[in-house]
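Notes to accompany the following structure.
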Amino acid sequence: MSDPLETTRPEPEELAAFEGATGFMPVDEGLALYAAAVTAARRTGLPVLEIGTYCGRSAILLAAAARAAGTVALTVDHHRGSEEQQPGWEYHDPTLVDPEVGRMDTLPRFRRTLHAAGLEEHVVALVGRSPQIAALWGGRLALVFIDGGHTDEHATNDYEGWAPHLAPEGLLVVHDVFPDPADGGQAPYRVYLRALAEGFEEISVTGSLRVLRRVTG
């Protein structure tokens, strides 16, 4: 591993907002994500981006990092929930269903989360399908955080759509990387292995969170 991340932490109120928000990311992984985002944003002066926002738990820390670095956080999500969040599945939350249309809608909770954390002005929410938005995106990014759908199709589309937009000093972060299938789904792990094979090197490991930097290509 090389190029260590900055040893920086969010403000206490930012961390408290993260811990109180709806979502699944553990604190240690959140702190690693924050450090990666601050490091990449300060090096490049560019926005940080996440794919897979849900109710905004990790977005709080990306927005806090963007504020600290003088840039902005971009969030990509259709806000209809991923596969495992649909009715009848393990992570379904019925309080997030829009009663008028009968479908998941995490956007209102996400907006309330950012408002409560005082971070709305540091986030641009891109609402739609990741491949469609990636195809329209023309700028460079300091950091790409892949945490969207965990099927091979969705994880691969997120990687192929967004990794090419990373700046030379940018960082790729992949969540829910489980080498052992008994611990979780394998799609993020396969994307992580592909990134290593395509010129990225690992610079940080925290739980299931991997931070990578491009060294070739």
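The values are calculated or read from the model by the stated rules, or taken from the named source; none is laboratory data. Just so we're clear, the structure is a prediction, and the values are computed from it rather than from any experiment. Heads up, the Cβs are rebuilt from the backbone with ideal geometry, glycines too, and the neighbour counts pull from every protein chain shown. We work out accessible area using only protein heavy atoms, side chains counted, and drop any ligands, DNA or RNA first. Shrake-Rupley method; radii C 1.70, N 1.55, O 1.52, S 1.80 Å.
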Practice prompt. State the number of residues belonging to the stretch 136-171 that are open to solvent by less than 30 Å² (accessible area, probe 1.4 Å) and in contact with a helix residue (DSSP H, G or I) (Cβ under 6 Å, 6 or more places away or on another chain).
Written response: 14
Item to complete: Consider only pairs whose beta carbons are under 6 Å apart and that are at least six residues apart or on different chains; among these, list those whose first residue lies in the stretch 7-24 and is polar (S, T, N, Q) and whose second residue is outside any loop (DSSP other than H, G, I, E, B).
Response: Thr8/Ala35; Thr8/Val38
Practice prompt. Keeping to the stretch 166-202, report how many residues are in contact (Cβ under 8 Å) with a residue 40 or more places away in the chain and not in a strand (DSSP E or B).
Written response: 3
Practice prompt. Residues being open to solvent by 50 Å² or more (accessible area, probe 1.4 Å) and of a type in the set (A, V, I, L, M, F, W, C): count how many of those fall in the stretch 179-194.
Written response: 2
Worksheet, complete the sentence: Looking across the stretch 112-133 at residues that are in a helix (DSSP H, G or I) and in contact (Cβ under 8 Å) with a residue 40 or more places away in the chain, the single one that is nearest to Ile51 (Cα to Cα) is Ser130
Discussion item. Just to be sure before I move on: is Val27 open to solvent by less than 40 Å² (accessible area, probe 1.4 Å), among the aliphatic types (A, V, I, L, M) and free of Cβ contacts under 8 Å to residues at least 40 places away in the same chain in the structure I sent?
Written reply: no
Discussion item. Going through Val205, Val211, Val144 one at a time, which residue ends up being free of Cβ contacts under 8 Å to residues at least 40 places away in the same chain, in a strand (DSSP E or B) and within 16 Å of the chain's Cα centre (by Cα)?
Written reply: Val205
